[in-house]
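As structure tokens, the structure follows; a few thoughts come after it.
The values are calculated or read from the model by the stated rules, or taken from the named source; none is laboratory data. Because the structure is a prediction, the values reported are computed rather than measured. Positions of Cβ are backbone-derived with ideal geometry, glycine not excepted, and every protein chain shown enters the neighbour counts. All accessible areas refer to the heavy atoms of the entire protein, side chains included, with ligands and DNA or RNA removed. Shrake-Rupley method; radii C 1.70, N 1.55, O 1.52, S 1.80 Å.
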Amino acid sequence: MAEKGPIDVGTFTPVWTAGWQWPWAVVLALLLGGNFVLAADRIYLGAAILIGGPALAVAGVRAVKRGAAEALADAEADIKRAAVAALDTDPDRTPTYTMTAAGDSVIGIDESKQYRVTVVAVGESALTIRPDAEANLLNTSWTLGADTEELPYDRIVGVDYTDGAVHVRLTDGDNLSYPADRRPDDLLSVIERRRSAAGV
């Protein structure tokens, strides 16, 4: 069963949204404000929109740059908690990790609007992978899909990180890939230790 929840960004939602969509906010302010000034003879209202639109966009971009990393970290923690609760495992015996891969962004902002999140629980005899989670910073929400993959260690030939993804090679010749922007050294080390302990 899929789960979802909100991401607390600590900023007034319209400001946050304007930050992610700042080019549209500026264009809309120019069109709307220009229309009021030039066509409707409502100079004060038009001037307020011409000034307020870009000001809102600047405030939004600042809010996003200041808060996106923390918002993503909070979303990852919520997704991880939901996955651990669904698996009903002891976190001390089954360490759980998340990997993120960035999607599209906006010009002028390094962070992405959406991140694909993969949750990996490293059990004593198998990996349990939840590959279809997402953190959506634009919509301030996270989702954890229902798909679960369980891979016993005796089916795994090797696990490594190349070309922006963790690759799990299986005995039947399949190669499963899970995108990750950074090499998850802790996860790879724990997997190797568990595989060795399992005699694989």
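How high is the relative contact order of the chain, in percent, counting Cα pairs under 8 Å that sit 6 or more residues apart? Walk me through the numbers on the way to the answer.
Values: 363 pairs, mean separation 37.8, N = 200.
The normalised contact order for the chain reaches 19 percent.
For the stretch 95-165, calculate the relative contact order in percent as a whole number, restricting contacts to Cα pairs under 8 Å that are 6 or more residues apart. Present the calculation step by step, with values, prior to reporting the outcome.
Values: 125 pairs, mean separation 16.2, N = 71.
Worked out over the stretch 95-165, it gives 23 percent.
Below 8 Å, C-alpha to C-alpha, sequence gap of six or more: please give me the relative contact order for the stretch 131-191 in percent.
Working: 71 pairs, mean separation 12.9, N = 61.
Answer for the stretch 131-191 is 21 percent.
At 1.4 Å probe size, with every protein chain present, just tell me what the per residue accessible area of the stretch 1-72 comes to in Å². Before the final figure, lay out the partial values.
On the way: 4630 Å² over 72 residues.
Averaged over the residues of the stretch 1-72, the accessible area is 64 Å².
Given a Förster radius of 22 Å and the C-beta distance between Asp185 and Ala77 as r, what FRET efficiency does 1/(1 + (r/R0)^6) yield to the nearest 0.05?
Details: r = 19 Å, r/R0 = 0.88.
Calculated value: 0.70.
Label-point separation (nm) for Leu45 and Asp160, each offset 7 Å from Cα along Cα-to-Cβ?
6.6 nm
Return the carbon/sulfur percentage of the accessible area of the chain, one whole number, probe 1.4 Å, all protein chains in place. Could you put the intermediate results ahead of the total?
Numbers: 5910 of 10970 Å².
For the chain, the apolar C and S fraction of the accessible surface comes to 54 percent.
Per residue of the stretch 180-195, what does 6.51 cos²θ - 1.76 cosθ + 1.60 with θ = phi - 60° give for ³J(HN,Hα)? Whole Hz please, x for Gly and Pro, Karplus curve as stated.
With the stated coefficients, the stretch 180-195 comes to 8, 6, 10, 5, x, 4, 4, 4, 4, 5, 5, 4, 5, 5, 5, 5 Hz.
Give, in nm to one decimal, the length gained when the segment between Arg169 and Leu28 is fully stretched (0.36 nm per residue of separation minus the Cα-Cα distance).
Values: separation 141, 0.36 × 141 = 50.76 nm, distance 5.00 nm.
Gain on stretching Arg169 to Leu28: 45.8 nm.
Residue by residue, what Karplus-based ³J(HN,Hα) values in Hz, rounded to whole numbers, does the stretch 43-52 have, using 6.51, -1.76 and 1.60 with θ = phi - 60° and x for Gly and Pro?
5, 5, 5, x, 5, 4, 5, 4, 8, x
How far, in nm, would the chain grow between Ala55 and Thr148 when pulled straight, counting 0.36 nm per residue and subtracting the alpha carbon separation? List each step's numbers first, then the result.
Numbers: separation 93, 0.36 × 93 = 33.48 nm, distance 4.50 nm.
Taking 0.36 nm per residue and subtracting the Cα distance, the gain is 29.0 nm.
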